[in-house]
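Asks: My questions all concern the structure below.
The values are calculated or read from the model by the stated rules, or taken from the named source; none is laboratory data. Model, not experiment: these values are computed from the prediction. Note that we place each Cβ from the backbone using ideal geometry, even for glycine, and neighbour counts take in every protein chain shown. Accessible surface is based on the protein model in full, side chains and every heavy atom, while ligands, DNA and RNA are left aside. Shrake-Rupley method; radii C 1.70, N 1.55, O 1.52, S 1.80 Å.
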Amino acid sequence: MLEELLIFTRGGLILWSSCRALGGAALLKGSPIDALIRSCLLEERSGDAGFTQDAYALKWTFNNDLGLVFVAVYQRMLHLLYVDDLLAAVRRDFSQIYNPNRISSYDDLFTDKFRQLHLEAEARAEAMKKTRQQPTALSSSASGGAASKKLGSNARGGGGKKNSGSGKDDSDGDSGKEQNGYTANGANGAHENGSHARAAAVVVNNAGKENGDPNDGAFDVNTLRKKTGGKKGGGGGKKIDVKKVAKTEPKKAVKQMRVWDDKPPKNEKLDFTDPADERGDEVIEKVLTNQGDSMMDKDEDLSSDSEDEEEEEEQNAEAGQKKKGWFSSMFKSIAGNSVLEKSDLQPALKALKDRLMTKNVAEEIAEKLCESVAASLEGKKLGSFTRISSTVQTAMEEALLRILTPRRSIDILRDVQAAKERGKPYVVVFVGVNGVGKSTNLAKVAYWLLQHNLSVMMAACDTFRSGAVEQLRTHARRLQIPIFEKGYEKDPAVVAKEAIQEATRNKSDVVLVDTAGRMQDNEPLMRALSKLINLNKPDLVLFVGEALVGNDAVDQLNKFNQKLADLSTVPTARLIDGILLTKFDTIDDKVGAALSMVYISGSPVMFVGCGQSYTDLKKLNVKSIVKTLLK
């Protein structure tokens, strides 16, 4: 049963609903249409085949020329076959009566028409279903008759074939007779027990032929030993030979220190770490903590050149339009507009997809973006002096800006102050795969927070990797901030909880929690991470990812979010809130990982790591990224 069919504009104005036409349908639970708009239409996923929310399935179509959206909602378990047909008919008929200047409702104009379209679509679906079932029944009966004839012929003359040649062929013929006889008996007398089947199998296997069950001829150690003469190991003296060879192997030479200029070697340790005790608690005299302002607080000047180029292009375009003058506008009005079809957009979209993939955008993401742009442009009218490629590029640029622009506030400093007023520390958890730079970028974030006069505590919850605690301890000593640690082989969730309690007692403003790197397929470590997040309820969960990855970014974020949702012990699972993109200074113009991560997770890029010092942390310049992707 169709729950609702809703027609609204792209601006959000509801024009018509099928509640009255369907006999006063009940209110939908959970607002599935709002979820569709938030999760699909605004996220440039309109090229998808459908959308599911709770118990509902949704399908939609557009009239891009008029800016209308048609959405059908039905129960997911029903699998209605006529929904696509009904949406196409509704779009066709409603577009004919739509008037943008109309103020009153369309109930009096379209309700009766919709009832008729609904009945016709249901009738067509039923007729199609019946026509599909009839040939299936006929073909099944015909195949059944042919099978029975074949069985009868086999039963009458199953052993009539004679083989000549080698003994192997004769044995194959014999085994074929046994099998054919078994098939005939099985077809004619199903009441018999399985003794005949076992006997036939024994006959075939005892003959040692190839027509037996392949599982019966599996590798057998005892058979192999009989064939080799009962010797264990296949030879008596081989073990002794191996031992002799092992004894005569030369010892590996120990690496010696190189001597330069014939000078005697000095007994010096190659240890250049800071003078501290073995736990690293001793603070050296004066550590250089002020390395300058963090790039997070600096305005992005790198995009000034690109902005100047954009302004020059706009000015040139305006000058070109002025040169064309009244003649071009008159010719345009005479020539009229052409309607864009999907076949017209395919060449430009193919070139755009290839360009995105060369910028390190995942193939799946590039394809979905092109499908979404095609869905938004199909049916629009194209001006006579407008190229399809420029129209597609403009639509893609708008789509990329919408995707990369954060939909919520990412002002961490304001959130820290709000948590401080509540008397609680602001907790940030850094998660990600191995070797992406979680600890280093955690120290960069700590340095940025210190510059804003906030008290920071580090929590060493990477109790798995050797040297992780010492690495974080070194950063804490250099930045002169406290660190909470419990050593190795401890439960990281408990360590994080005790760190938050310690920060609450000491009135620290921010707690930065370092976690162990883990692959997205490692379920034990993902379970431990889910426990840490559910137990401590951090204010921010940051996924640390490399800017070097391509297609793997989709797999990493998908599985991290999926595991956190599946392994959560609370009804509302906590997922990734933001992204910290590292090694951004090593990729040149291959900036596609930022787009792939934001598209697949819906979370914004909050920090970008672009160097090895504490100041090398900046914000993501969305306009610069979009220009680089489409360049």
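Asks: Sort Met357, Met1, Met457 by accessible area with a 1.4 Å probe, largest first.
Replies: My answer, sorted largest first, is Met1, Met357, Met457.
Asks: Can you grab the distance from the C-alpha centre of region 389-454 to the C-alpha centre of region 565-596, Å, no decimals?
Replies: 11 Å
Asks: Using a 1.4 angstrom probe on heavy atoms only, work out the carbon and sulfur share of the accessible area of region 383-456 in %. Let's see the in-between values first.
Replies: Values: 1660 of 3360 Å².
The nonpolar share, carbon plus sulfur, comes to 49 percent.
Asks: Let me ask another. Which whole-Hz couplings ³J(HN,Hα) result when phi for each residue of region 462-472 is put into the Karplus expression 6.51 cos²θ - 1.76 cosθ + 1.60, θ = phi - 60°, listed in order with x for Gly and Pro?
Replies: Values per residue, Gly and Pro as x: 8, 9, 10, 7, 5, x, 5, 5, 5, 4, 5 Hz.
Asks: Right, next: Hey, can you grab everything whose amide H is under 5 Å from the amide H of Ser18? Only 5+ residues off in sequence or another chain; H modelled, so Pro and N-termini drop out.
Replies: Leu5
Asks: If you count, for each residue, the other Cβ atoms within 10 Å and average over each peptide, how do 84-95, 528-539 line up from highest to lowest?
Replies: Working: 84-95: 17.6, 528-539: 19.3.
Descending mean neighbour count gives 528-539, 84-95.
Asks: Largest first, what is the accessible-area ranking of Arg574, Arg115 with a 1.4 Å probe? Before the final figure, lay out the partial values.
Replies: Working: Arg574 65, Arg115 95 Å².
Ranked from most to least accessible, the order is Arg115, Arg574.
Asks: Then there is this: Sort Glu341, Glu3, Glu502, Glu421 by heavy-atom solvent-accessible area, probe 1.4 angstrom, most to least. Show your work: numbers first, answer last.
Replies: Values: Glu341 105, Glu3 30, Glu502 50, Glu421 165 Å².
The most accessible residue leads, giving Glu421, Glu341, Glu502, Glu3.
Asks: Something else now. Scan around Thr515 for amide H atoms under 5 Å from its own, H built in the peptide plane at 1.01 Å from N, and keep only partners 5 or more places away or cross-chain.
Replies: Distant-sequence amide H within range of Thr515: Phe430.
Asks: Additional query: Read phi for every residue in region 76-91 and hand back ³J(HN,Hα) as whole Hz from Karplus 6.51 cos²θ - 1.76 cosθ + 1.60, θ = phi - 60°, with x for Gly and Pro.
Replies: Once θ is set to phi - 60°, the couplings for region 76-91 become 5, 6, 7, 6, 5, 8, 9, 5, 4, 5, 5, 4, 5, 5, 5, 4 Hz.
Asks: Please list the non-local residues whose amide H lies under 5 Å from the amide H of Val427, H modeled 1.01 Å from N, same-chain partners needing a gap of 5 or more.
Replies: Placed amide hydrogens put Val511, Asp539, Leu540 under 5 Å from Val427.
Asks: Over region 542-631, what percent of the accessible surface lies on carbon and sulfur atoms, probe 1.4 Å?
Replies: Details: 1530 of 3290 Å².
Ligands and nucleic acids excluded, carbon and sulfur reach 46 percent.
Asks: Right, something else. Through the Karplus equation 6.51 cos²θ - 1.76 cosθ + 1.60, θ set to phi - 60°, convert the phi angles of region 573-588 into ³J(HN,Hα) values in whole Hz; use x for Gly and Pro.
Replies: Values per residue, Gly and Pro as x: 6, 8, 10, 6, 9, x, 10, 10, 9, 9, 6, 6, 7, 10, 10, 6 Hz.
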